[in-house]
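The values are calculated or read from the model by the stated rules, or taken from the named source; none is laboratory data. Note that the coordinates shown come from a computational prediction; the quantities given were computed from them, not determined experimentally. All Cβ positions, even for glycine, are placed from backbone atoms using ideal geometry, and neighbour counts span all protein chains on display. Heads up: the accessible areas ignore ligands, DNA and RNA and are worked out on the full protein's heavy atoms, side chains in. Shrake-Rupley method; radii C 1.70, N 1.55, O 1.52, S 1.80 Å.
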Amino acid sequence: MAHRLSRKSLGKLAAPYCVRDGGGFRLKHVDPDDTGRLEDEARTEAQQLLAAGVERLARLQEKLAAQGEWSLLLIFQAMDAAGKDGAIKHVMSGVNPQGCRVVSFKAPSREELAHDWLWRCVRVLPERGQIGIFNRSYYEEVLAVRVHPHLLEAQSLPGPRVSSKLWEQRFQDIRGFERHLARSGTVIRKFFLHVSRKEQKKRLLERLDDPEKHWKFSENDVLQRASWDEYLRAYEDMVRETSSGESPWYVVPADNKWFTRLVVAAAIVDALEELDLDFPKTPPGKKKALERARHELMSEKS
C-alpha cells in the first residue's frame, strides 16, 4: 500500500539526507535508488505534495524579499545527468523570477583563471532578499580540479602554494567562506544529487536516442565515467569536510527524479521556515500616507 502523504510529511522528507556533521559520513551508505518509505505507486501523491511545496516556497520567497534581511544560497553538485537542471526547474517553478537568479558555472574563462578560485562565485552571490542558485560552484575546485590535475595546472598558482596540503587548505577556505556568509545573513543549503552509474548510463543513452536532447549531450559526459570512482571519493571527502550546522549538505538519492525533487523542495522550504519570515509592519507615519492615498483615489471621479 502506498505511503499516505500529507503537507506535514513534507518537512520530514529531507531530514534523513541532511549531513550537518560529516565526520561519520560514508557515501556507500546512501542508496541512489532510495525513495525513503515511499513506494513508486505514491508518485501521484508525491507530485501533489511537490506542488504544495512549490506553492509554499513562493509565499516564503515573497516574505524573504519583503523583509530584505536574509539571502538564500542553494548549491547543486552532481555527476552529469543526475538531474540538477530538472530539480531546479521544477522546484523553483513557482518563485518570482525577479527574486531568484540561477548561475551555471562552466569551465573557467581566462579572466576567471587570472583570479583566485572563489572570485567568480563571490561576484554573483545573492543580495539580501534574494535567492541565488549555483548550478555547480566553487566546489568544483575540490572535485573536478582534484580528479584532473591538468585543471590545477591551468590556474598558474605560485609553486610554493602547490603542496600536499592543497586540498585540506581549500576545504579550510570553503568552511571559512561559508561561515562568513552565514554570519552575514546568507542561509546556505547544499545538494549533492547522488545518481548511480547504471542510471546515468540509461539517461545518457536516452539523450543520444532523442534528437531534441542532443544539445544536452557532451562527449565529455562519457569520458568522465572513466573517473567515476575518483569522483565518488572526492564527493565523499567534500561532504565529510564541509558539512556544518550552518551550511549542511543534503545527499539526495537521484535515481528517481520525482523523489529527488521532493526532497530538494522539502529542504528549501525547511530552511526558509526556520527564519520565521514575515512581512514588515507598516510604521505609523506610512499608515497616514496610505490613508491619504486611499482618500485621494476614492475622491476621484470615475
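Among all helices in the chain defined by DSSP H, which have a length of 15 Å or more along the axis from Cα atoms plus a Kyte-Doolittle mean of at least -1.0?
43-67, 257-273
Give me P(r) over region 10-94, computed from all C-alpha to C-alpha distances, binned every 5 Å, as integer percentages.
Percent of Cα pairs in each bin: 3, 9, 15, 23, 22, 15, 9, 4, 0.
At a probe radius of 1.4 Å, what is the per-residue accessible area of ARG146, in Å² to the nearest 10?
Taking all protein chains as shown, ARG146 has close to 80 Å².
With the other protein chains left in place, how much accessible area per residue, in square angstrom, belongs to the chain at a 1.4 angstrom probe?
56 Å²
At a 1.4 Å probe, what is the % contribution of carbon and sulfur to the accessible area of the chain?
C and S atoms contribute 49 percent here.
Going through region 68-107, which trypsin sites (Lys or Arg not before Pro) have at most 12 other Cβ atoms within 10 Å and a DSSP loop state?
LYS106
Show me 154-164, 212-222, 248-258, 230-240 ranked by packing, highest mean number of other Cβ atoms within 10 Å first.
In descending order of packing, they fall as 248-258, 230-240, 212-222, 154-164.
Express the relative contact order of the chain as a whole percentage, based on alpha carbon pairs under 8 Å and six or more residues apart in sequence.
Relative contact order for the chain comes out at 35 percent.
Expressed as a rounded percentage, what relative contact order does region 178-267 have, with Cα pairs under 8 Å and six or more residues apart?
50 percent
Let me have the 222 nm mean residue ellipticity of the chain computed from DSSP H runs of 4+ only, each contributing -39500 (n - 2.57), with the sum over all residues rounded to the nearest 500.
After summing the helix terms and dividing by the residues of the chain, the value is -14000 deg cm²/dmol.
Which value does Rg/Rh take for the chain over its C-alpha atoms, Rh per Kirkwood?
Taking Rg over the Kirkwood Rh, I get 1.03.
Run through region 37-133 and list the chymotrypsin sites (Phe, Trp or Tyr not before Pro) located in a DSSP loop whose Cβ has at most 16 other Cβ atoms within 10 Å.
The qualifying sites are PHE105.
Extending each Cα 7 Å along its Cβ direction at ALA114 and SER163, get the distance between those two points in nm, one decimal.
2.9 nm
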